[in-house]
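Below is one structure, written out as structure tokens; the observations come after it.
The values are calculated or read from the model by the stated rules, or taken from the named source; none is laboratory data. What you see is a predicted model; the values in this text were computed from it and never measured. Every residue, glycine as well, gets a Cβ built from its backbone with ideal geometry; the counts of neighbours run over all protein chains shown.
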Amino acid sequence: MINENFIQGWNILSDSFNDAVKVIKFANNYNINQIQLSHHIVMDLRDVKNEKNRSLANTLTKVAHENEINEVLLWDHTLYELDYYPDKFKLSGKDIKSTNSNQQQKINLDDPQFWNWVQNDYRKMLNLAPDIDGLVLTFIETGARAEDQFSKKMSSKAEKLAKVVNKVTEVVVDEFNLNLYLRIFSYTRSEYKFITKSLEMVKNDDLPVMMKEAPHDFFLTHPNSKYAGKINRPTIIEFDTAGEFNGQGIIANTWPEYIEKRWSDYKNRPNIKGYVARTDRFNNTRIIGQPSEINLYALKQLIENEKNNSENIYDDFIIDKYSNNALSGIKAAFQKSFDIITSSLYTLGTNVANHSAMNFEPYSSSYARHVSGKWLDNPEVFVEHNVNEKFHYWKDIIDHIAPPHLKRKKYFKEEAPEVVENDWINYQKELMNWEYFNYIITEKEYGVKLAENALENIIKTKPQLNNDQYVSLFHYFNRTLLTTKLYKDVAKAYYGYRIFARGKEHRNPQLLPVIWEGLNGINKVSEQIKNYPVKPPSGQWNWVSDAQMAENIYNKILNGWKEYDYIIVPEPYDY
């Protein structure tokens with residue numbers, strides 16, 4: 001059982017008022033005691049200066065309090081962009097030693113008048129949101145990154161970050177008597193070192209921290225954060241139950257086992273005092289009332305009763321939301337979601353989508369920043385999905401699937417220096433070959449087959465469901481199936497084309513027919529997606545836009561791709 005101080009929070013990102021109200025009013029069903037308002041509502045506290053954001057935030061705060069949610073928090077990221085602050089606090093030219101060629105000015109952090117200005121600004125902003133109960137402060141990955149600003153008195157990045165937190169704390173906590181949560185995450189292991197060091201310099205020992213379920217971003221293949229719970233501060237874990245990188249609730253995102261695996265580790269760590277879960281990914285992607293709500297349900301059940309597990313969570317949720325008679329079919333479909341997504345939006349254990357949107361190129365983050373191997377001491381992964389092989393994340397997976405023009409040494413040095421130190425990448429060399437092509441296609445075909453089976457499971461439940469239930473589930477899994485087919489066809493065309501572009505010595509008689517299977521498949525599936533009869537939810541990711549991305553790849557392959565010397569693939573019978 002949990003104690004009364006345990007935080008069970010939800011985070012609302014979308015500025016859709018009706019959706020937000022529905023989420024808040026539904027929160028009591030999940031024993032939610034904290035609501036965070038972020039992103040399109042208030043991403044930075046300065047957003048309350050905008051009348052629309054301020055009105056929405058204040059209204060939702062009132063609705064939450066009326067529904068007995070006692071803690072409502074707004075998000076903040078400080079410092080803001082450089083141009084937000086008066087020029088009189090900035091230095092330039094010979095006065096600064098810039099490590100960033102794009103930053104011609106730096107804030108003088110040694111100027112006490114600058115901090116007076118910042119604190120007065122906070123007072124004004126907090127007075128515009130008088131009913132909130134606190135802030136969630138991200139003090140890294142901000143506009144004007146504090147660690148890059150000028151100071152003679154503070155020699156380390158950690159000192160500069162701590163200065164920001166201490167000055168904000170003096171106003172938010174000491175003057176306004178509000179709660180303040182420190183939201184931390186990092187792009188690299190080295191960043192974690194100075195971020196955690198900065199927390200040792202934060203004067204208020206009671207400030208809790210909020211950390212993501214994974215060390216950097218919400219990827220299904222990432223390990224748990226090794227820092228969460230080990231920092232000597234009360235800690236809440238931030239879960240992305242809405243699938244920012246994994247389908248955004250538009251396609252199948254139902255995975256209690258994944259939630260259970262994460263939480264079974266975190267719950268036993270010291271200092272863990274709760275969780276907050278995202279409830280949407282912008283616009284009308286609210287997961288309350290949708291299949292992906294099961295992820296929120298899983299968190300609640302796992303935390304409130306340690307005897308619960310993913311098996312009975314599936315059963316209880318499906319029986320309650322749908323029908324006992326439809327349990328076996330819906331459960332079978334839901335249980336396939338994790339492997340469907342990790343064999344489609346992921347390729348051999350690494351995510352190749354841009355916030356769920358198809359983007360094999362030119363999205364370089366897939367091949368360095370987002371690679372799960374950077375967080376593993378032994379960067380290996382065993383890929384199932386009918387592949388059943390162990391791979392080294394860098395030497396095997398990235399060196400083969402990354403296009404040569406995105407394998408830049410400088411980028412790996414910044415994102416994963418161990419790659420450069422161990423010479424794990426053949427920089428700017430094309431290594432896609434028939435062996436890895438087969439691994440990829442095997443995985444993508446596995447995803448399609450699994451999605452077909454899941455849709456069949458749903459179709460069989462039609463007699464046991466009312467019309468609205470069935471239609472919703474059918475389109476949810478049909479969109480999922482079309483997505484897997486598009487990834488399969490694009491993979492055949494794209495990776496096959498890269499082998500073809502390497503030259504005749506890398507081609508075999510089977511290559512062109514497979515490429516053309518992919519090209520013809522792109523034509524067929526992209527039309528089905530563009531002409532889909534029911535408009536799907538749309539968040540940061542617009543599902544229909546994947547069809548356009550696939551068509552762009554199709555056109556480049558047939559008309560010449562700049563990065564591949566404008567090589568054009570002929571028809572098989574012309575070759």
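Restricted to strands (runs of 3 or more DSSP E) entirely inside segment 1-99, those with at least 2 residues that are within 23 Å of the chain's Cα centre (by Cα), buried (at least 17 other Cβ atoms within 10 Å of the Cβ) and not acidic (Asp, Glu) are 7-12, 34-37, 71-77. Residue 412 meets the conditions (1) closer than 27 Å to residue 546 by Cβ; (2) out of contact with any His (no Cβ under 8 Å at 6 or more places or on another chain) in every case but one. The failed one is (1). Looking at residue 8, is it in contact with a Leu (Cβ under 7 Å, 6 or more places away or on another chain) and of a type in the set (S, T, N, Q)? Considered against the rule, which asks whether it is in contact with a Leu (Cβ under 7 Å, 6 or more places away or on another chain) and of a type in the set (S, T, N, Q), residue 8 comes out as no. Those strands (runs of 3 or more DSSP E) of segment 165-279 in which 3 or more residues are modelled with pLDDT of 95 or more, surrounded by fewer than 22 Cβ atoms within 10 Å (Cβ to Cβ) and out of contact with any Asp or Glu (no Cβ under 6 Å at 6 or more places or on another chain) occupy 272-278.
Number of residues in segment 268-313 that are over 24 Å from the mean Cα position of the chain (by Cα) and among the aromatic types (Phe, Trp, Tyr): the value is 0. With respect to the conditions (1) among the aromatic types (Phe, Trp, Tyr); (2) touching an Asp or Glu at 6+ places or on another chain (Cβ under 9 Å); (3) surrounded by fewer than 23 Cβ atoms within 10 Å (Cβ to Cβ), residue 346 lacks only one, and its number is (3). Residues of segment 367-389 that are of a type in the set (Ser, Thr, Tyr) and surrounded by 23 or more Cβ atoms within 10 Å (Cβ to Cβ): 367 alone.
I want to confirm something. Restricting to segment 322-337 and keeping residues that are assigned to a helix (DSSP H, G or I) and of a type outside the set (A, V, I, L, M, F, W, C), which single residue is surrounded by the most Cβ atoms within 10 Å (Cβ to Cβ)? Top of the filtered list is 337.
The set of residues in segment 446-502 being surrounded by fewer than 21 Cβ atoms within 10 Å (Cβ to Cβ) and either outside any helix (DSSP H, G or I) or at positive phi (or both) consists of 465, 466, 502. So, in segment 285-321, of the ones that are of a type in the set (A, V, I, L, M, F, W, C) and not in a helix (DSSP H, G or I), which residue ends up surrounded by the most Cβ atoms within 10 Å (Cβ to Cβ)? Applying the filter and picking the extreme gives 287. Across segment 223-266, the number of residues qualifying as small (Gly, Ala, Ser) and farther than 23 Å from residue 309 by Cα comes to 1.
Could you tell me whether segment 524-532 includes any residue that is surrounded by 17 or more Cβ atoms within 10 Å (Cβ to Cβ), more than 29 Å from residue 12 (Cα to Cα), at pLDDT 95 or above and out of contact with any strand residue (DSSP E or B) (no Cβ under 9 Å at 6 or more places or on another chain)? Yes, some residue in segment 524-532 is surrounded by 17 or more Cβ atoms within 10 Å (Cβ to Cβ), more than 29 Å from residue 12 (Cα to Cα), at pLDDT 95 or above and out of contact with any strand residue (DSSP E or B) (no Cβ under 9 Å at 6 or more places or on another chain). Got at least one residue in segment 377-386 being modelled with pLDDT of 95 or more, more than 29 Å from residue 514 (Cα to Cα) and assigned to a loop (DSSP other than H, G, I, E, B)? The answer is yes; a qualifying residue exists. For segment 392-411, the set of residues classified as surrounded by fewer than 18 Cβ atoms within 10 Å (Cβ to Cβ) and under 21 Å from residue 221 (Cα atoms) consists of 392 only.
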